[in-house]
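Just so it is clear, none of the values below were taken in a lab; they were calculated from the coordinates. Since this is a predicted model, take the numbers as computed values, not measurements. Cβ placement follows ideal geometry from the backbone for every residue including glycine, while neighbour counts extend to all protein chains displayed.
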């Protein structure tokens, strides 16, 4: 799979503005959302992990949002690690001390069921406070994404597939946020009632 995520892949889905799947503006807004949620829930962020950081579109906005925190970009692609200096590793096997905040944006759909299940368990081990997670689902593919800009060579699962596995380790908090069970963070019932 490492050879799949090469220069051509990133040129198409990230560097060419005509075919890019996300924009810097979108990722800046996402970082502001993550920062606002951390502030709202009272999460002090000293260490953050961008798990599957790709080309690093969240790095600078997250560093601006959490200027006292250390940032670690974890990436599977050998090409990106050489180009940007990320820590190379797999979400299913990476080992480190827990992070206050873990971000895993649009990565898990690239993993088969077995590896994705292992990755979710590993993300739980790596998360001390809050996990922000997004993954393309079957419903998103049918109803939400721009198929001309979205990679179709993925494993499309329903949201409940992820939710079932995540609830073993986390309390759902909506909008992609999952609070690690056992953490001293408070979530209010009406903020999570629809999840």
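Points to keep in mind about this one:
- Normalised contact order of region 39-135, rounded percent, pairs of Cα under 8 Å and 6 or more residues apart: 29 percent
- Ranked by the mean number of other Cβ atoms within 10 Å per residue, highest first, peptides 40-53, 111-124, 14-27 order as 40-53, 111-124, 14-27.
- With the gyration tensor restricted to C-alpha atoms of region 1-103, the semi-axes of the equivalent ellipsoid amount to 24, 18, 10 Å, longest first.
- When peptides 132-141, 164-173 are ranked by their average number of other Cβ atoms within 10 Å per residue, the highest-first order is 132-141, 164-173.
- Each eigenvalue of the Cα gyration tensor of the chain, multiplied by 5 and square-rooted, gives one semi-axis; in descending order these are 25, 19, 17 Å.
- Relative contact order of region 1-71, taken over Cα pairs closer than 8 Å and 6 or more residues apart, is 29 percent.
- Viscosity 0.692 mPa s, 37 °C: Kirkwood-radius Stokes-Einstein D of region 125-195 over Cα pairs, µm²/s: 242 µm²/s
- Sequence-separation-based contact order of the chain, relative, with Cα cut under 8 Å and 6+ spacing, percent: 18 percent
- When each of the peptides 153-159, 31-37 is scored by how many other beta carbons lie within 10 Å of its residues on average, the order from highest to lowest is 31-37, 153-159.
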